[in-house]
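The values are calculated or read from the model by the stated rules, or taken from the named source; none is laboratory data. Since this is a predicted model, take the numbers as computed values, not measurements. Don't worry about glycine lacking a Cβ; one is built from the backbone with ideal geometry, like all the others, and counts go over all protein chains shown. Accessible surface is based on the protein model in full, side chains and every heavy atom, while ligands, DNA and RNA are left aside. Shrake-Rupley method; radii C 1.70, N 1.55, O 1.52, S 1.80 Å.
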Amino acid sequence: MEHEQTIPEQRKEEESTPEPDTSATSAAPATAAVPAAPAPRRRRAGRTTLLIAGAAVLGVLAGTVTGYAVQYDREPTPLPPLAQQKMDGPKPAAMNEATSRRSINAARWHKADEDLAKKLLDLPGGAQDSFSGPVSTDAFSADYFLEPSHAVGSLIRDAKRLATARWSENDRNFIEINLLQFRDRAGADDFYTEIVRYMPEKEHAGNTGKDLPGAPADFGHMWIDSKAHEEPGYHPLRQARAVVRRGDIVMSIEYTNNRGEVDEKALVELAKRQMERL
């Protein structure tokens, strides 16, 4: 193939070159050198490689454009249906007289939370309802703890469900019942033990309290503030509290009177009725 790739000018030059004189060669001394024939020149391969690479790029681009053009004219392929085509969720509704925090923030509660809320005491006759139902962890922490930021983390980790009921009687007695269901009994025991620890402090009840009638020892306790909280221009406030642990649930009842008097029997009766519901 070498002679075919030689350019025409080179072949003409080779043809016009005279044949060497063999007789002179034989007569010359053996040490005389014979002149070498010029090496044939070859075509550079770089040009061919560039042409092939360019053709390949053009081919890829042409194929891509053709593929997009074909796909553009096709109808879109529908996605496969989901395993659960209809997701359970509250439908949007306009606010009305029946709107509550529970209905507005329905997505923040699970259906299972209603089971704990159903264990709350019913509103007594003649009482004025404030709220009754499940509550979120952050909302409960904001209302319950003096320093919510220090407690909400552990409560989110340990608590499973929370429910609250509030009402007032004769504008003098204000009752709040909190039910906290934990992920295990250890979480409930820790929460109950912490309450028993800090309630005797001066900032709270200021005394060690007493066992709650009807509750097993070390599973129920009650306190009545040693003195009422008084401020100029306001009625004196006195608060009582009953706490019970049953399984993985802690029950906390806060009973506040704005005349400085707490009916201990009424508190005990509330606690007994709520324990029966649990």
Task: Filtered residues of segment 133-189 (kept if open to solvent by less than 20 Å² (accessible area, probe 1.4 Å) and either more than 25 Å from Phe219 (Cα to Cα) or not aliphatic (A, V, I, L, M) (or both)) - done: Gly133, Pro134, Ser136, Phe140, Ser141, Thr164, Trp167, Ser168, Asn178, Phe182, Gly187
- [ ] Scan Val268, Val243, Val250 and give me the residue that is under 19 Å from Glu203 (Cβ atoms) and of a type in the set (A, V, I, L, M).
- [x] Val243
Task: segment 215-228: number of residues that are exposed (fewer than 13 other Cβ atoms within 10 Å of the Cβ) and either touching a residue at least 12 places away in the same chain (Cβ under 8 Å) or not acidic (Asp, Glu) (or both) - done: 4
Open item on the list: I'd like to check something: does segment 204-211 contain any residue that is modelled with pLDDT of 90 or more, among the basic types (Lys, Arg) and over 17 Å from Asp143 (Cα atoms)?
Closed with: yes
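Conditions tested, residue by residue: (1) over 20 Å from Asp143 (Cα atoms); (2) in a strand (DSSP E or B); (3) under 42 Å from the mean Cα position of the chain (by Cα); (4) modelled with pLDDT of 95 or more.
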| position | (1), (2), (3), (4) |
| --- | --- |
| Glu231 | yes, no, no, no |
| His235 | yes, no, no, no |
| Val243 | no, yes, yes, yes |
| Ser252 | no, yes, yes, yes |
| Met275 | yes, no, yes, no |
Task: In segment 256-269, the residues that are in a helix (DSSP H, G or I), in contact (Cβ under 8 Å) with a residue 12 or more places away in the chain and either under 11 Å from Arg241 (Cβ atoms) or open to solvent by 90 Å² or more (accessible area, probe 1.4 Å) (or both) - done: Leu267
TODO: Give me a count of the residues in segment 56-79 that are modelled with pLDDT of 75 or more, open to solvent by 60 Å² or more (accessible area, probe 1.4 Å) and more than 45 Å from the chain's Cα centre (by Cα).
DONE: 1
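What's the total number of residues in segment 234-255 that are farther than 27 Å from Asp115 by Cα and open to solvent by less than 30 Å² (accessible area, probe 1.4 Å)?
1
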- [ ] Please specify each residue of segment 206-240 satisfying the condition of being touching a Gly at 6+ places or on another chain (Cβ under 6 Å) and among the aliphatic types (A, V, I, L, M).
- [x] Leu212, Met222, Ala228
